[in-house]
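The values are calculated or read from the model by the stated rules, or taken from the named source; none is laboratory data. Remember, it's a predicted structure, so these values are computed and weren't measured experimentally. Please note: Cβ atoms are built from the backbone with ideal geometry, for glycine as well, and neighbour counts cover all protein chains shown.
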């Protein structure tokens, strides 16, 4: 298989607003040198940093005409001759600052951030140095792995980079962004107590389900720093504060911190308030106020070990965007609609606008399909998992429907049989045959005589990954795709040669869907 020489990508073109995120088709890829790794991305996620780069407020090194985003997870497609850490087929995630391998960050390594100074992850393929990648935790899928790069590692650095959190410590987190939710999970895994702040009852429930011991609504309790201190034994204050607000929250963080505690400054998303922290506030508490920029590769590997050992799963927002919806994803985050992390999925290597020449062949109309009701009916045990269904139900229904409809539209009517209609063909129940193809949705469903390929398989890239997958099946094929298989009958009217399916159940490598009467699915 020849290696790709170019990739589709979203690129930053200026710093005047979100419209500076521009789609670029056929962006050249560098050759894979001795110490390089070629990665095919299966997921990416966004951070507030991506907004600040596009709007000109990012304080760290950046360049123009750079592939956006720093967070990505994918599979190794090829390695250089001297690469020893990875092999073809390995699952990897990107390292934010490619030069930050261990210890404290330096000025030089701070200038190696992908998505800012170097090409990032919002593309289908990327070439990275071996030292710029980390093995993805074995208990995570690509969508989950893509959330670790900034939010996960930043939270880990905050809790373990200076004085490690330990059992019995009190940790204060702010809001329900990615860093804060990771911090809740990491702190609880260490046996610490967590006090979290948020703005709504719905988000309070999310925090409690992740393990937060106390939740303070900062809209109802403006002096939440003092309240957090009161909640600690003897009112001594919290050992760690995950400070993501900046000017708008720092004063309250200083009121919550204990003597010799640590405030880790991570973000600046909250607007300044009249109540600004004073120099003496830090001195009186004898506390450490520590700015940090994500973390090192050594920290990343330590974090991944903890994620596997404790089976920690990132909290993913209910909204999952396709690759072509990258601008919408950025706007969604800018509008503050997200909770936790949310992925951008490179579902296909195609432009956001269909600019390819259209065939003159008549295409069947796109059907209106809905798989979710049958999916839930097939698995009553999922009724006990309302949160997971809330997160993934809409995604499955929307993208699976779109992908299958797209396949039908793209491939059109199958070729007419040369001599006679193929008659009635029964799909083989229980078959494990898989049809593999490197191009998403690139499989015809008939041979050149118009005969049904049985059993059939339709590759649905990435849809099979998610928190429901382990509950439904443990199988996963080598190509990291999900495959649709039919168990039912294919009917042909011998008078008209019309095709029709009567489908009982279709099984993916990661989950199962059931539906019936899907017309012209062989197209």
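For residue 105, the criteria (1) touching a residue at least 60 places away in the same chain (Cβ under 8 Å); (2) over 29 Å from residue 313 (Cβ atoms); (3) out of contact with any helix residue (DSSP H, G or I) (no Cβ under 8 Å at 6 or more places or on another chain); (4) part of a loop (DSSP other than H, G, I, E, B) hold in every case but one, which is (2). Kindly indicate the residue of the range 166-191 that is surrounded by 21 or more Cβ atoms within 10 Å (Cβ to Cβ) and over 27 Å from the mean Cα position of the chain (by Cα) and also farthest from residue 50 (Cα to Cα) among those meeting that condition. Only one residue tops the list, namely 169.
Taking the conditions (1) without any contact (Cβ under 8 Å) to a residue 40 or more places away in the chain; (2) touching a strand residue (DSSP E or B) at 6+ places or on another chain (Cβ under 6 Å) in turn, residue 75 satisfies each one other than (1).
Restricting attention to the range 161-181, report how many residues are within 16 Å of residue 227 (Cβ to Cβ) and at pLDDT 95 or above. The qualifying residues number 5.
How about the range 134-190: which helices (runs of 4 or more DSSP H) wholly inside it have at least 1 residues that are at positive phi?
Working: elements: 142-145, 153-160, 178-189.
Those helices (runs of 4 or more DSSP H) do not exist here; none qualify.
Taken over the range 34-52, the criterion of being out of contact with any helix residue (DSSP H, G or I) (no Cβ under 9 Å at 6 or more places or on another chain), closer than 18 Å to residue 70 by Cβ and outside any strand (DSSP E or B) is satisfied by 52 alone.
Hey, can you tell me all the residues within the range 108-129 that are farther than 25 Å from residue 290 by Cα and part of a loop (DSSP other than H, G, I, E, B)? Spell out how you get there, then give the answer.
Residues of the range 108-129 that are farther than 25 Å from residue 290 by Cα, as a first pass: 118-129.
Listed by number, the residues that qualify are 119, 120, 121, 122, 124.
Criterion first (over 15 Å from residue 129 (Cβ atoms), modelled with pLDDT of 95 or more, crowded, with 22+ Cβ neighbours inside 10 Å and within 20 Å of the chain's Cα centre (by Cα)) does residue 68 satisfy it?
Working: over 15 Å from residue 129 (Cβ atoms): yes; modelled with pLDDT of 95 or more: yes; crowded, with 22+ Cβ neighbours inside 10 Å: yes; within 20 Å of the chain's Cα centre (by Cα): yes.
Criteria met by residue 68.
Restricting attention to the range 219-246, the residues being outside any loop (DSSP other than H, G, I, E, B) and within 21 Å of residue 166 (Cα to Cα) number 12.
Exactly one residue out of 78, 73, 31, 9 is touching a helix residue (DSSP H, G or I) at 6+ places or on another chain (Cβ under 7 Å) and either modelled with pLDDT of 95 or more or more than 18 Å from residue 117 (Cα to Cα) (or both), and it is 73.
Scanning the range 289-303 for residues that are within 20 Å of the chain's Cα centre (by Cα) and surrounded by fewer than 16 Cβ atoms within 10 Å (Cβ to Cβ) yields a single hit, 301. Listed by first and then second residue, the pairs linking a residue in the range 1-26 that is over 14 Å from residue 67 (Cα atoms) to a residue that is assigned to a strand (DSSP E or B), with Cβ atoms under 6 Å apart and 6 or more places separating them unless they lie on different chains, are 3/78; 4/125. Remark: residue 203 matches the filter, which requires a residue to be in contact (Cβ under 8 Å) with a residue 60 or more places away in the chain and assigned to a helix (DSSP H, G or I).
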